[in-house]
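The values are calculated or read from the model by the stated rules, or taken from the named source; none is laboratory data. Keep in mind it's a predicted model, so treat the numbers as computed, not measured. FYI the Cβ positions are ideal-geometry reconstructions off the backbone, even for glycines, and counts take in every protein chain you see. These accessible areas exclude ligands, DNA and RNA; they are computed on the full protein's heavy atoms, side chains included. Shrake-Rupley method; radii C 1.70, N 1.55, O 1.52, S 1.80 Å.
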Amino acid sequence: MSKFSHIYIEERVAAYPVAQHVLSRFPGSIRIMIRHYKDVFNRPHQDFRRQKASPKLILAVKQEPFLYPGPEVCEDFGNQNFYYTSPVLNCIYDCHYCYLQGLYPSANLVIFVNIEEFFEAADRQLESGPLYLCPSYDTDLLALEGVVPYASRWIEFAGSRKELRIELRTKSANYGAIAHLKPVEQVILAWSLSPDKVAQRCERLAPTLKARLTAIRAALDDGWQVRLCFEPLLKVYDWQRIYGEFLDEVFSMIRAEKVFDANIGVFRMGKEQFKRISRMRTDTDVFAFPMVCREGGVVTYEDEKVMRDFFYQHLSRYLPREKIYG
Amino acid sequence: MIYIVTALPCEASPFIERYGLKRDDCRHFSLYRGQDMSLIVSGVGKMASAIATTYMLARNLKPGQAGGEEDLAIINIGVCGALHRRYLIGAPLLIHKVVDHETGKQYFPDILIEHPFEEGSVETHNHVIRRQDVLSGRVELQADLVDMEASGFFQAASRFLAPHQIYVIKVVGDYLDVADFDRQRIARCISRTLDAVDGFITQIEGLCTTEGDVLTSYERRQLEDVKQSLRLTVTQGHQLMDMARRYKLRTGRSLPDLSEFIQIEVRIKAEGKKAFERIRRLLLYE
């Protein structure tokens, strides 16, 4: 079916300019009026995998809360007040290892159109002091910039809030969509990177490594602060050689001294999510390796430390240790 | 496997003829069966439709067998009324929203495949709705079409099936202005949609086909023998199947030979546990 063949629209979104903007992007889509996004998003027994082949859009108005404390499994990069926010639920990519498939009952994308209320919530939180905020965890805002321009909206918002620091996490090569903006000191563009073999096998619909590196190089040349996110590290056959060569490839295209910082994360996931997803995904070996459940109910590889230390040693040949997190 | 639920015999007869369905000896409903299709005539009304739908789906479940519903789809097909004459008589519509008039609740099938139909919404009422009821304002409609079964059907079906397995196709029969229904006219309305519905059924069958298990039937039998021989608990049994599937996904190879574990005679719990640990090492670390 064509992309976003159906758009479910909460009755109350009509007044929001963002809703009109999104609808104008898909004039051929069938529009279905609904009362509340959860009437569609939370239906029982939905098939996440089948929906991924034909995802729909849902336009909704978010209610409180708008900000959530940063999860323990995520790196805070030394920031005290670490929060995340989700102006969009779900991602257009289809990565085998993605936690979203165990978190949400549906693969449909929800766009909350009341973005100004998200900004107001961030301003309220800023009254307590500096804020580190991540609006692109449960989605990929840069990848969706052509559908809803939230990456640029967040950049513009952060530009006038000196005490705010935001990270825009992405796998997209769509840097061109924000290239017209002047770099903002409060903004970190964070690219998730995997070796090409891993990306081809496990990161369905995402751009190639080379395409992402090209986007990163352009962002760095324009003066943006860029973070490299080497996560999740996956246990693949001959992983030492693959990940070693991967770093050589990354830094053959990107000048290490220009990189803001980097983080390393071996594959890990909440126990319940892991159980749910591993039952669903019988088409991938991502969940097929010996795992242990560590403190806090987080499942990871038995030899997580070996993998992490190996990668850290190799990465520290390119980046100073104080720039490496995780 | 496709299940069809119709309210009236005249809605069912074109399908019975087209697919060569044979009458089942069910005492409670008019039930018809073919190779990959069953059809039930529920009677008029959302309660009747819900009961017939539940009966069809519950009969499919085998005691002690998990799942089994993944390859199913169920379709409610029947005539409906339309207020607006932009819908032509005889036009079939695939429903993307079902509204229950009495409760106000709304239900949404998952439409994940291409199809030849116009789409619309239907509102299910407990009573026959006349055109005059709507035009006078006595009854307020929230949907494009009006029927008496869809919401009962959908509620019942969604207890058993995923939303991509449940479909409602309504054929416009009148403009809420018919005093008595004409059986032959209804049957003709349905008949004219059969080619389109048939193509759509083929699409649905493709969508609902489940991927095969990564384990072969020989491997599953061998694992069952291991479970019996080692007297594994239910949990250990699930763990064994899980480890076996992971082994195959990880290595891309067939399972190693487990026949030594079938020949073991387990007398005490500790022996079974020891053997299970050996299997675990074999399947997880190779």
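Of the residues B:D174, B:D182, B:D213, B:D242, the single one that is away from every other protein chain (no Cβ under 14 Å), of a type outside the set (A, V, I, L, M, F, W, C) and either open to solvent by 50 Å² or more (accessible area, probe 1.4 Å) or more than 30 Å from B:L145 (Cβ to Cβ) (or both) is B:D182.
Rundown of residues vs (1) closer than 16 Å to A:L164 by Cβ; (2) modelled with pLDDT of 95 or more, yes/no style:
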site: A:G102; (1), (2): no, no
site: A:A107; (1), (2): no, yes
site: A:V113; (1), (2): no, yes
site: A:A121; (1), (2): yes, yes
site: A:L131; (1), (2): yes, yes
site: A:E145; (1), (2): no, yes
site: A:V148; (1), (2): no, yes
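Of all the criteria given as (1) touching a residue at least 40 places away in the same chain (Cβ under 8 Å); (2) more than 14 Å from every other protein chain (Cβ to nearest Cβ); (3) at negative phi, the one not satisfied by A:R281 is (2).
Of all residues in the range A:285-326, those satisfying the criterion of being in contact with a Ser or Thr (Cβ under 7 Å, 6 or more places away or on another chain) and of a type outside the set (V, I, T) are A:F287, A:M291, A:R294. Residues in the range B:199-210 that are touching a residue at least 24 places away in the same chain (Cβ under 8 Å) and open to solvent by 50 Å² or more (accessible area, probe 1.4 Å) were compared, and the one that is nearest to B:G81 (Cα to Cα) is B:Q203. Candidates in the range A:280-294 are the residues that are in contact with a strand residue (DSSP E or B) (Cβ under 8 Å, 6 or more places away or on another chain) and in a loop (DSSP other than H, G, I, E, B); of these, the one that is least open to solvent (accessible area, probe 1.4 Å) is A:P290. For the range B:216-239, a residue qualifies if it is of a type outside the set (D, E, K, R) and open to solvent by 80 Å² or more (accessible area, probe 1.4 Å), and the qualifying residues are B:Y218, B:Q228, B:V234, B:T235, B:H238, B:Q239.
For (1) away from chain B (no Cβ under 14 Å); (2) in a loop (DSSP other than H, G, I, E, B), each residue gets a yes or a no:
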| site | (1), (2) |
| --- | --- |
| A:S24 | yes, no |
| A:I32 | no, no |
| A:D39 | no, no |
| A:P44 | no, yes |
| A:K52 | no, no |
| A:P55 | no, yes |
| A:Y83 | yes, no |
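Inspection of the range A:309-320 finds no residue satisfying the criterion of being among the hydroxyl-bearing types (S, T, Y), buried (at least 20 other Cβ atoms within 10 Å of the Cβ) and part of a helix (DSSP H, G or I). Count of the range A:149-163 residues, restricted to those that are under 13 Å from A:V18 (Cβ atoms), surrounded by fewer than 23 Cβ atoms within 10 Å (Cβ to Cβ) and not basic (K, R), is 2. Of all residues in the range B:149-171, which are open to solvent by less than 20 Å² (accessible area, probe 1.4 Å), within 14 Å of another protein chain (Cβ to nearest Cβ) and part of a helix (DSSP H, G or I)? Answer for the range B:149-171, where residues must be open to solvent by less than 20 Å² (accessible area, probe 1.4 Å), within 14 Å of another protein chain (Cβ to nearest Cβ) and part of a helix (DSSP H, G or I): B:S151, B:F154, B:A156, B:A157, B:P163, B:H164, B:Q165.
Just one of the listed residues (B:R267, B:R281, B:R253) is out of contact with any helix residue (DSSP H, G or I) (no Cβ under 9 Å at 6 or more places or on another chain), exposed (fewer than 14 other Cβ atoms within 10 Å of the Cβ), of a type in the set (K, R) and within 14 Å of another protein chain (Cβ to nearest Cβ), namely B:R281.
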